[in-house]
């Protein structure tokens, strides 16, 4: 993906959280320092510096990593991974509203055993936010 396309998609996604219908559980979440936003193409992985930022958040001031990945059909789904100092695992918010073939829901996951976004998260408790 070209740098210009990635920047445009990131800007478009930045406004997604402000749209009507965004759940209060997301808009009212505690602010955390932001890691570099990741806008990925099919099959692309999260940059090592972004993963390191999220991991460092466990021992410092916390961290939030926003990752937009395309579905198989190419629809963007944005996921926010949140790490907090002294709290095991990750808190995860998923915006599925632009996935034309999915449920179209926002979901919150509490993943106490997760060590990173690409480890399968495992053992999460899911709450559908609408």
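Here is the P(r) of the range 32-130: all C-alpha pair distances, binned every 5 Å from 0, give 3, 14, 23, 25, 21, 10, 3, 1 in whole percents. Convex hull volume of the C-alpha atoms in the range 58-104, normalised per residue: 68 Å³.
None of the figures in this text is laboratory data; all of them are computed from the coordinates on show. Here the structure is a predicted model, which is why all the values come from computation and not from measurement.
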